Each structure stands twice: as C-alpha cells, then as structure tokens.
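The values are calculated or read from the model by the stated rules, or taken from the named source; none is laboratory data. Just so it is clear, the model here is predicted, and its values are computed rather than measured. Here the Cβ positions follow ideal geometry from the backbone for every residue, glycine too, while neighbour counts run over all protein chains shown.
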Amino acid sequence: MNFDSLQSQTRRHFLSKSAGGLGGVALGSLLGNHLSAKTETLGSSSFPTHAPKAKRVIYLFQSGGPSQMDLFDYKPHLNKVHGQEVPDSVFNGQRLTGMTAGQASFPAARSIFDFKQHGQSGAWISELMPNLAKVADDICFVKSLYTEAINHDPAITFLLTGFQIAGRPSMGAWLSYGLGNENENLPSFVAMLSGGGQPLYDRLWGPGFLPSKHQGVRFRSGKDPVLYLNNPAGVSNDLRRKTLDDISALNRLRLGEVGDPEIETRIAQYEMAYRMQSSVPDLTDLSDEPQSTFDLYGEDAKKPGTYAYNVLMARRLAERGTRFVQVFHRGWDQHGGLPGGLGKQCRNTDQASAALIQDLKLRGLLEDTLVIWGGEFGRTVYCQGDLSPKNYGRDHHPRCFTVWMAGGGIKPGITYGATDDYSYNVVEKPVSVHDFHATIMHLLGVDHEKLTYKFQGRHFRLTDVHGHIVNDILA
C-alpha cells in the first residue's frame, strides 16, 4: 500500500480535511454556526405543496407603527370621550412602554381627521389616504392583527422573522429557500429603504441560519444600486469572466475537500453578480416607462431613494420574476406632533401605494401578486405628552393594529376583524403574527408546517410552533 492510499484512510487525515481539522470541529460545536446546520431535502423540489394563488409578494413595510385610528380604524366614540381618562377596564392591566408608563394622566385623543366610506365595500378611510380610497374595493383591511412586542426592534424582527430575537431567517429568505428563483439574472429577494427614523438592520432581510444565497439583496439609491457590482477601473468584462472562472475552479476543489455548502453558495452568488451587471442597469433604466406611469405614481418615482421610486422598482422586479420585494419606509413613529408627522408620511406614500395596485391590475399581475401594507404595531388611543385641540402624540401599541392586503388570492373589498370603541383591544377575529405568516405562505402554495430547516438539532419554521390560516380572507 502506497503512502497516499494509507494517508486517505487515517483518522488524522480525515479530521484535518473536516472543516479545518479537529479545532474546526470543536469550534463549530461551540459556536453552533451554519456549518453545523443540515439542509433538509425540502427546498424548491418539494414546494409548492398545493396550488398557489400568488407567485410573488410586494411587502410595503411602514416602519415605526402607523396610527390605525387615524387612518383606517374609525372610532366615532372618541369624539364623545376626547380628553377624558381612558378607563381602567380598557387597559385591563396591560403593560405600557417606559415612555408613557409614568404619565399621571391618560386622556383619550380622538382623530382630528375626517373619515368617509368608500367604494361598494364601504371601507372607512381617513382623508389622509385619498388615493388609496379610490382602490378600496381591491383591498382587504385586517383590523385585528396583534403582536407581542412593544418596542420597535423586537416588533419589526417578530413581524419579519417570526421571532423577537435576532438570528432567524426573514420571511423572504424562507420563501426563497422553499420556492426558489424565477429569474436567474436577478435575486429572488430584494429590499429597498426610504424615509428616515428608526434604524433598520440588514438582518431584517437576512438568511439567518439558512444558506446565505437566500438573503435579501439591498438595492440602494444612486448610480450603483448594488454595491461592488460594477467592474473596478481597468478591469474588462473578459478579464472579470476569466477571473470568476478561475475562482470557481478553486472553490470547487475546496468544496470537494470539505463539503461546506457555503462554498457552493459563494460560487452561485459570484455568477449571479456577474449576470446582474447587465440585468440591474436594465431594471433601473426608466426610459422605457411612459409618462402615464409617472402620472400614476407621482413625479417622485423618477427620483432614486424615494418611496415612489422604490415602489415602481418593486413592480418592475415583480414583472421580472423576483419572488419577494420588501419596500421599507421609515418615519411612522409619531410620539408627538402626530397630525403634522402623519400627514407628511401619507403625502409621501399614499399615491404610490395606490398606484401599485392600479398598475399591477392593468398589467394582469395583481391576481398573482400579493401586496401587503403595514407596520410592526399600532398606536395608543391615549395621548402621549400634551393634548391640545389640534395636536397630540401616541405611544406604541401592540394589542391591535391594521394592515391591508390586495391581490394574490386575497378576497377584495372586505374588512376583517374589529377592535373596541377605543381601538385598544381586539374584540372580533384576532389575527396573530404567526397566523399572518401562515396565511401568506398558504397563498404562495406553501404549507407553513412543512417548510422547515434543521439547525442545531431542531427543526425550525417561520411560524415556529404556532399559526393558523385565516381562511375568511381568502378569495
């Protein structure tokens, strides 16, 4: 027996080739990182589990907590009790944030905005959303969503990953893992940000413990929407192609030695980046859009970084097969000066949000594109700080808030669930965050209990061990 043959059978050689040797094995055990995760034989080969109603999702995430009783949850009772103390029976011992728990008084604050019913559905919508009012019959308003978190970061993390503590895969990553990509030249999951306010972190569109190829790609404003995509100065396309081929060959050698799935991901992502050098400029070139598009979305749609521009980009991505697009708009956190602050937010977002529904409908895409609008929680009925006839603020409120959904198998022109006269507690048809997730996944043809990933010895899923489909809102 020659030395090479003998060496291939020794335990020491085996360990030296196992993710960096014995030290690597020990380190992987201590850290519990992705090297110890085992991919299930699921993924796109096992999904969809049933006929999907939606092929893609555009999630318009309004970060900060939009005030439900100033936008969609009309409460005329507040006109009668404006300025009066909110009864203890409404609070029912529920916790408050540290920003208002020490207030000596909790006066009810009515909305100063007018509400009217719109469309055949008779949906109540505030005067702040005149454009959305025009498409009321295409929308399902869910007024009974509730969450467990009372502060921004855990609440946003919960809405987007199903868990309040960082580290879990985001919703878009789960769907990329389960359903794959429809366009080999663009990512299956894209995130875009606009507005200002609470910081948002990359982990909100991250892969968690899933293979990193499922992470969302952030598109930025400016001449380079995706960082490091363009060739460096002096590097031609031919040189870049040859370089990638050589790197790929080296990576495949290493993959054969250690079997780390992240090496395979790295190879695929390099290739995706190369293809995106041509697909991204085509995506962001708006010269093929007629003036009627900008009449619909507003002139801000021509300005990279604005909400209108990002929503238009979301439509263009949806047309090209991107599975999940998350448009974040920050600044909905009106602890004080709510009338002015909320009015500004609505002026910046209302037209484009409504335009997306109209545009998708005109293009025949709404029926299989699920559009979602909402934040991480709602706002309190009581005033934070000083209450005056024309000014007030509201604190965070997890007990009830409103989201709306359209297209993609959602029943249009309905309102689901209800809150009490103070818009403080859910009184009809409560919807938990996990119910919300289970319903979204069902519309995409995914059984939320079957899309799992084994990590550190446990099978994880987006809905954890909870979640029921809200069948009454399905078309």
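The figures follow:
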{"read-out": "Selection count where residues are within 27 Å of ASP464 (Cβ to Cβ) and either part of a loop (DSSP other than H, G, I, E, B) or over 21 Å from the mean Cα position of the chain (by Cα) (or both), scope the range 408-417", "value": "5"}
{"read-out": "Test: HIS434 is touching a Gly at 6+ places or on another chain (Cβ under 6 Å), modelled with pLDDT of 95 or more and assigned to a helix (DSSP H, G or I)", "value": "yes"}
{"read-out": "Residue among LEU255, LEU239, LEU229 that alone is touching a residue at least 12 places away in the same chain (Cβ under 8 Å) and either under 28 Å from LEU443 (Cα atoms) or part of a helix (DSSP H, G or I) (or both)", "value": "LEU255"}
{"read-out": "Checklist (1) touching a helix residue (DSSP H, G or I) at 6+ places or on another chain (Cβ under 8 Å); (2) surrounded by fewer than 19 Cβ atoms within 10 Å (Cβ to Cβ) applied to ASP472, failing item", "value": "(1)"}
{"read-out": "Output for the range 190-214, where each listed residue is within 27 Å of ASP300 (Cβ to Cβ), among the small types (Gly, Ala, Ser) and in a loop (DSSP other than H, G, I, E, B)", "value": "GLY196, GLY197"}
{"read-out": "Residue among GLN269, GLN351, GLN277 that is modelled with pLDDT of 95 or more and surrounded by 14 or more Cβ atoms within 10 Å (Cβ to Cβ)", "value": "GLN351"}
{"read-out": "Pair list, Cβ < 6 Å and 6+ apart or interchain, from the range 164-180 residues that are without any contact (Cβ under 8 Å) to a residue 12 or more places away in the chain to residues that are of a type outside the set (Gly, Ala, Ser) and part of a helix (DSSP H, G or I)", "value": "none"}
{"read-out": "Leading residue by the ranking (surrounded by the fewest Cβ atoms within 10 Å (Cβ to Cβ)) among those in the range 92-105 that are touching a residue at least 60 places away in the same chain (Cβ under 8 Å) and over 18 Å from LEU387 (Cα atoms)", "value": "ASN92"}
{"read-out": "Filter result for LEU444 (in contact with a Phe, Trp or Tyr (Cβ under 6 Å, 6 or more places away or on another chain), in contact (Cβ under 8 Å) with a residue 60 or more places away in the chain and surrounded by 16 or more Cβ atoms within 10 Å (Cβ to Cβ))", "value": "no"}
{"read-out": "Which numbered condition SER45 fails, given (1) loosely packed, with under 12 Cβ neighbours inside 10 Å; (2) at pLDDT 95 or above; (3) under 26 Å from the mean Cα position of the chain (by Cα)", "value": "(2)"}
{"read-out": "Filtered residues of the range 387-401 (kept if at pLDDT 95 or above and part of a loop (DSSP other than H, G, I, E, B))", "value": "LEU387, TYR392, GLY393, ARG394, ASP395, PRO398, ARG399, CYS400"}
{"read-out": "Given (1) closer than 12 Å to GLN326 by Cβ; (2) assigned to a helix (DSSP H, G or I); (3) of a type outside the set (A, V, I, L, M), number of the condition PRO187 does not satisfy", "value": "(2)"}
{"read-out": "Residues satisfying the stated conditions in the range 157-214, i.e. touching a helix residue (DSSP H, G or I) at 6+ places or on another chain (Cβ under 8 Å), closer than 22 Å to HIS329 by Cα and acidic (Asp, Glu)", "value": "none"}
{"read-out": "Single match in THR452, THR402, THR463, THR369 (criterion: over 22 Å from VAL311 (Cβ atoms), touching a strand residue (DSSP E or B) at 6+ places or on another chain (Cβ under 7 Å) and in contact (Cβ under 8 Å) with a residue 12 or more places away in the chain)", "value": "THR452"}
{"read-out": "Matching option when the condition is under 30 Å from SER89 (Cα atoms), among the acidic types (Asp, Glu) and under 19 Å from the mean Cα position of the chain (by Cα), among ASP435, ASP421", "value": "ASP435"}
{"read-out": "Members of the range 222-253 found to be basic (Lys, Arg) and either surrounded by 13 or more Cβ atoms within 10 Å (Cβ to Cβ) or within 23 Å of PRO187 (Cβ to Cβ) (or both), listed by number", "value": "LYS223, ARG240, ARG241, ARG252"}
{"read-out": "Any hit, the range 283-293, residues being surrounded by fewer than 15 Cβ atoms within 10 Å (Cβ to Cβ) and touching a residue at least 40 places away in the same chain (Cβ under 8 Å)", "value": "no"}
{"read-out": "Which listed residue, of ALA149, ALA191, ALA166, is surrounded by fewer than 23 Cβ atoms within 10 Å (Cβ to Cβ), under 30 Å from SER46 (Cα atoms) and of a type in the set (A, V, I, L, M)", "value": "ALA166"}
